[in-house]
Structures are given as structure tokens and as C-alpha cells.
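Right, one structure below, let's go through it.
What follows draws every value from the coordinates through simple rules; no lab data is involved. All figures in this text were calculated on a predicted structure; none of them were measured in a lab.
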Amino acid sequence: MYLQNSLTLDCNCNADGSTSSQCKDDGTCDCKKYIDGEKCDQCMEHHYNFPACSSNLHCQIPYLSNFCPN
């Protein structure tokens, strides 16, 4: 939980992507490796297959990228 404008709010950190259910004072969560987002709910750029985010080199090649998961 964290405070925002004198209100106590739930962190809502993604259990699969965050290192903890606790968040920082600004409500953002600490993410696992290759995971991003305020709530750790998505892969970092050029990483795929949340929550097992990994970098697939072929996903960075435009004509092959349509085979990559989002």
C-alpha cells in the first residue's frame, strides 16, 4: 500500500512480474529481470512472452517479427 493525496491505495504489483507485493512510495513496483511497467505487467522493449520475458533476436527482424508473441 502507498499514499496518494492522503489516500491509502493498493500497490497492485503483478505477482508474476514483480519481485514483491510491496511498492515504492510513488506506487511503482520493483520488476524482475526483463520485465517493465509501473506494475511489472509487461516485457521490456524487444523482449517477449510475459512473464517469461526473453529477447528473441529474430523478433527484431521486421519480416520475421510476425511470428513473435506480443
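Points to keep in mind about this one:
- In order through segment 33-40: 3J(HN,Hα) via Karplus (6.51 cos²θ - 1.76 cosθ + 1.60), integer Hz, x for Gly, Pro: 4, 6, 10, 9, x, 4, 10, 6
- Annotation: amide H of Asp36 within the under-5 Å range of Asp41, Gln42, Cys43, Met44, sequence separation 5 or more or interchain, hydrogens built in the peptide plane.
- Between Cys31 and Thr19, the built amide H atoms are under 5 Å apart, and every one of these is 5 or more places off in sequence or on another chain.
- Residue-by-residue Karplus 3J(HN,Hα) for segment 26-31, coefficients 6.51, -1.76, 1.60, Hz, glycine and proline x: 8, x, 7, 10, 8, 9
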